[in-house]
Amino acid sequence: MFDTSQGPKRNRPPSCTVAPLSQETDTAHYIATHHLEGDLPGGTVDLHYRFALRDDLVEHLVIEP
């Protein structure tokens, strides 16, 4: 559900740009960090995608700031 209290222009999902910042691995996971910027709450955020693969499929995924 979108917030319509600001009129028609807010009755849409936020738009943003995404830029990759870094890629890392540890003994069991891949970690990719992306920078998001746009008209989302807070304006900007760096998200860390931490995932593990098994048989070329994502077995576990955590996305957090």
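When you scan region 29-65, how many residues do you find that are exposed (fewer than 11 other Cβ atoms within 10 Å of the Cβ) and in contact (Cβ under 8 Å) with a residue 24 or more places away in the chain?
1
Every residue in region 43-59 that is at pLDDT 95 or above and of a type outside the set (A, V, I, L, M, F, W, C), please.
46, 48, 49, 50, 59
The values are calculated or read from the model by the stated rules, or taken from the named source; none is laboratory data. Small disclaimer: the values here were computed from a predicted structure and weren't measured. Quick reminder, even Gly has a Cβ in these numbers, built from the backbone with ideal geometry, and neighbours come from all protein chains shown.
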